[in-house]
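All remarks here apply to the structure that follows.
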Amino acid sequence: MNDQNTSQPTRIIKIGATRIVADASLSALSPEQLRETLKITYPEIAHATLRETTLEDGTQVLEWVVVAGRKG
């Protein structure tokens, strides 16, 4: 049997090698609200590209892909 709450799909946030499973405080936020909240801790997502996918089990994966910039 599955003990997880199946009423709302899980949301996973990936920033580079970091993987965050969203709790109730993060699951209600839009992707742009998440960016504003998380860029304090992860400043590299301020200009990163967002890739959204949904897995077969309904889990939403938000992955920020950092784009290398030019200096100078």
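Among the residues of region 45-72, just one is exposed (fewer than 13 other Cβ atoms within 10 Å of the Cβ), charged (D, E, K, R) and in contact (Cβ under 8 Å) with a residue 24 or more places away in the chain, namely D57. Restricting the first member to region 14-25 and to residues that are closer than 12 Å to T59 by Cβ, and the second to residues that are in a loop (DSSP other than H, G, I, E, B), the beta-carbon pairs closer than 8 Å and six or more apart or on different chains are V21/T10; A22/T10. Scanning region 28-60 for residues that are among the aliphatic types (A, V, I, L, M) and part of a helix (DSSP H, G or I) yields L34, L38, I45, A46.
Laboratory data are not the source of any read-out in this text; all were calculated from the coordinates shown. Bear in mind the structure is a predicted one, so any value in this text is a computation, not a measurement. So basically every Cβ, Gly included, is an ideal-geometry build from the backbone, and we count neighbours across all protein chains shown.
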